[in-house]
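The values are calculated or read from the model by the stated rules, or taken from the named source; none is laboratory data. Computed from a prediction, not measured in an experiment: that's the story for all the values here. Neighbour counts are summed over all protein chains in view; Cβ atoms, including those assigned to glycine, are modelled from backbone coordinates with ideal geometry. Keep in mind that these areas ignore ligands, DNA and RNA; they rest on the heavy atoms of the full protein, side chains included. Shrake-Rupley method; radii C 1.70, N 1.55, O 1.52, S 1.80 Å.
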Amino acid sequence: MSFSDKLSTRLMPLASKMANQRHLVAIRDSFIDIMPIIMVNSLFILMNALVFTNVSINKKWIDLTPLSDLSTMVNNGTMGFMSIFLTFLIGYRLATHYIGISKIEAKYFNPIHAGILSVALALIMFPLINTVTPVGTENSVEVAGAYMQTLTSSGGMFVGIIAALLGTELLMRICQNKKLRISMPDGVPPAVSDSFNSLIPEAIVIIIFAVTTFSFVKLTGMTIPDVVTQLISSPLQFAMQSPIGLFTVELFTQVFWFFGLHGQNIVSSVTSPPMLIAIQQNMDAFAAGLPIPNIVTNPWIGMYTLFGGTCAILPFLIAIFIGSKQKNYRQVGKIGLLPSVFNISEPIMFGLPVVMNPFFVIPFISVPLLNLAIAYPLTVMGLVAKSVVIPPWTLPPILTAWVTTAGNVPATLLAAALFILDIFIYLPFVLASNKMISKLAEKE
């Protein structure tokens, strides 16, 4: 067996399990569901930075400073409740999966109840009393009856994930007990029947979570979010911000893609929570005029690697147009050119194909890693800006860097330089493939 065959044999089962594991799929799809509102929030943050609080515009033309409240309002309604939205969706999607595989009959259970229950469980685990510092004072006070936005936004994300996964799993098992269902007479509206079917199982799950949370807080003096942050959130975010974590994730992403599996989708179920926390911290710091804390975020990776889609497909196409004499390459390239401008790489990935193509395995895997190896130290040194905006994924390359960094010229120039570099990296492999294909044709 060749090396690629051996690697495929070992990786395919792992990738397949990750891509179809019900909990990871629920988390991944839920993050995809909330991306539109996150992008809208990013747009308002960008507008706030470039227009509403722009000193030159406010002094020379018209004072737009009061409009900055618009950004605050949008942020409060979107990213400010991100954990709540995500918790509901994970519970809903996981329950929908169980209905889809007939583990529980749809007529006895409505997946919306799993989503609502997940949110309730997360709020139960959030602390009842919070310490805050009022604006304009230095003394802290305790506030009861209010949930902190740090928890309803990204800070409580892992608590929400735990609540959704454990709560839905427990609910599904309890709901399978027919003795706990409340039978309603014929003619009762379905919504009423669904609620009564879920009444006892949901009550049991809520009691279990409430008693467990109450006992833990009283015995340890710590809150559930504090423990989750110390044991899961902080270590995972630290790992993702390190160069080792960054390059490991990117390597696996590209290897999965080479074997025809959607690398981003496979790894995103694990990387999305810490990555989303990191970009929100950046966005909050940017809006407050504070130093940007994190380098590694999904937008930061994307603006230096997704030139036309995964693995810098657009530079690859340009290299084909420059150096390839193969008609099939050029024809497929023409078809996939326009989609690639908007970061849709599948026509080239599977049409050329790039997937499982031994001619391009080396640049396919190494180009994104090389781009990040150049961009990371430059970002550490402060020569280029960090990411503060989540752009639409269809935004063309290079322009993405300008939007992601809120108009940072050095970062945009770096993206353009890497784009050109990638063309020259791909070009020798394109020329080599021409020769190899010609030799094979002659032998035939």
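Within the range 400-414, being at pLDDT 90 or above, open to solvent by less than 20 Å² (accessible area, probe 1.4 Å) and in a loop (DSSP other than H, G, I, E, B) holds for one residue alone: 405.
Residue 209 fulfils the conditions (1) at pLDDT 90 or above; (2) of a type outside the set (Ser, Thr, Tyr); (3) within 17 Å of residue 95 (Cα to Cα) except for a single criterion, (3). For the range 357-391, the tally of residues that are of a type in the set (Gly, Ala, Ser), assigned to a helix (DSSP H, G or I) and open to solvent by 40 Å² or more (accessible area, probe 1.4 Å) stands at 2. Based on what the data block shows, is residue 397 assigned to a loop (DSSP other than H, G, I, E, B), closer than 26 Å to residue 361 by Cα and either in contact (Cβ under 8 Å) with a residue 40 or more places away in the chain or acidic (Asp, Glu) (or both)? Taking the combined requirement at face value, the residue satisfies it. Using the structure shown, decide if residue 344 is among the hydrophobic types (A, V, I, L, M, F, W, C) and assigned to a helix (DSSP H, G or I). Against the criterion (among the hydrophobic types (A, V, I, L, M, F, W, C) and assigned to a helix (DSSP H, G or I)), residue 344 does not qualify. Residues in the range 162-172 that are surrounded by 24 or more Cβ atoms within 10 Å (Cβ to Cβ) and within 18 Å of the chain's Cα centre (by Cα): 1 in all. Condition check for residue 435 on (1) closer than 22 Å to residue 250 by Cβ; (2) open to solvent by 50 Å² or more (accessible area, probe 1.4 Å): one failure, at (1).
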